[in-house]
Amino acid sequence: MNQSSILWRRASAALWLTAAALAMAADSAAPSTPPPPPTNVPAVVAPATPRQLPPPRLDAGAPLMQALKARRTQRQFSQEPLSPQLLGDLLWAAIGVNRPDSGRRTAPTACDWREIDVYVAAADGLFLYNPSKHALVPVLPADLRVQATVQTFAHPPPIVLIFVADLSRMKDAPETDRVFYSATDTGYVSQNVYLFAASEHLATVVCGMIDREILATAMKLRPAQNIILTQPIGHPLTPIPGE
Ligand SMILES: Cc1cc2nc3c(=O)[nH]c(=O)nc-3n(C[C@H](O)[C@H](O)[C@H](O)COP(=O)(O)O)c2cc1C
């Protein structure tokens, strides 16, 4: 394994661990005297492996009517990371597979195109949620949370969800339909996230005010991929009023 592969694996692991735990793990995993690097062997970067998420807790959270009552925009985040369980539950609520026999999702899409992808921008990299595997696929070892929101926050949110429509999945629909339905379909995903946040006492804000060109370049998106909205989410800095 070469140096960049080692760094990428260490960076990815931080999604699951606190910074302190990661530092300890990296220290203990490192050999005391590393072997000398090979001199005449071409570098081979190991493909980044998807991270399996814990199965969603289907009996967790507040009743729907309570979540609807609590739903709100909250823009102040604490620096506490989301646990793997909470992150898995969040992504499943956003757009997870709720009918495995058909692969259909918690959020509807016009014509069942399933054109909306949810990317996760975190301190340790950019990831793509794979709903059918309920796993996070590493995309880039870069922190794109700043590019994913134009406005600044008192503390950076631990993650920013990025809703991207792949217009090439919308078959032969006219351009106006692709734009209309991909925006509509994103709204359902965002509302799922809002309701999950309300149910779990998390803070979230959906952001339309974003620089899509800069973000798309940073994410290395294909031309057919349109960024629709982003949505920072994390634990609230202070308890949400009324809770
Ligand atoms: C499509 C859309 C785009 C939004 N964009 C932003 C944004 O860029 N920045 C922001 O702080 N809030 C944004 N919001 C949040 C709204 O300001 C917020 O929903 C509104 O003030 C009502 O507050 P509530 O969500 O607590 O009901 C957006 C909301 C929607 C639906």
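Points to keep in mind about this one:
- Among strands (runs of 3 or more DSSP E) entirely within the range 83-133, having at least 2 residues that are not assigned by TED's automatic domain parsing to the domain that holds residue 230 singles out no element at all.
- Unique residue being outside any loop (DSSP other than H, G, I, E, B), more than 11 Å from the ligand (Cβ to nearest atom) and among the small types (Gly, Ala, Ser) when the list is 198, 216, 173: 216
- Residues satisfying the stated conditions in the range 201-213, i.e. within 21 Å of residue 80 (Cβ to Cβ) and either of a type in the set (Phe, Trp, Tyr) or more than 7 Å from the ligand (Cβ to nearest atom) (or both): 201, 202, 203, 204
- In the range 80-102, the qualifying residues are those that are in contact (Cβ under 8 Å) with a residue 40 or more places away in the chain and of a type in the set (D, E, K, R), and the one that is surrounded by the most Cβ atoms within 10 Å (Cβ to Cβ) is 89.
- Condition met for residue 173 (over 19 Å from residue 120 (Cβ atoms) and not hydroxyl-bearing (Ser, Thr, Tyr)): yes
- Test: residue in the range 178-187 that is over 23 Å from residue 150 (Cα atoms), surrounded by fewer than 19 Cβ atoms within 10 Å (Cβ to Cβ) and within 16 Å of the ligand (Cβ to nearest atom): yes
- Of the residues examined, residue 168 is not one that is within 27 Å of residue 78 (Cβ to Cβ), assigned to a helix (DSSP H, G or I) and of a type outside the set (Val, Ile, Thr).
- In summary, residue 163 fulfils each of the numbered conditions (1) within 11 Å of the ligand (Cβ to nearest atom); (2) in contact with a Ser or Thr (Cβ under 6 Å, 6 or more places away or on another chain); (3) assigned to a helix (DSSP H, G or I) with the single exception of condition (3).
- Those residues of the range 114-152 which are among the small types (Gly, Ala, Ser), crowded, with 21+ Cβ neighbours inside 10 Å and under 17 Å from residue 86 (Cα atoms), in sequence order: 121, 122
The values are calculated or read from the model by the stated rules, or taken from the named source; none is laboratory data. Here the structure is a predicted model, which is why all the values come from computation and not from measurement. Counting neighbours? That spans all protein chains shown, and the Cβs are built from the backbone with ideal geometry, glycine included.
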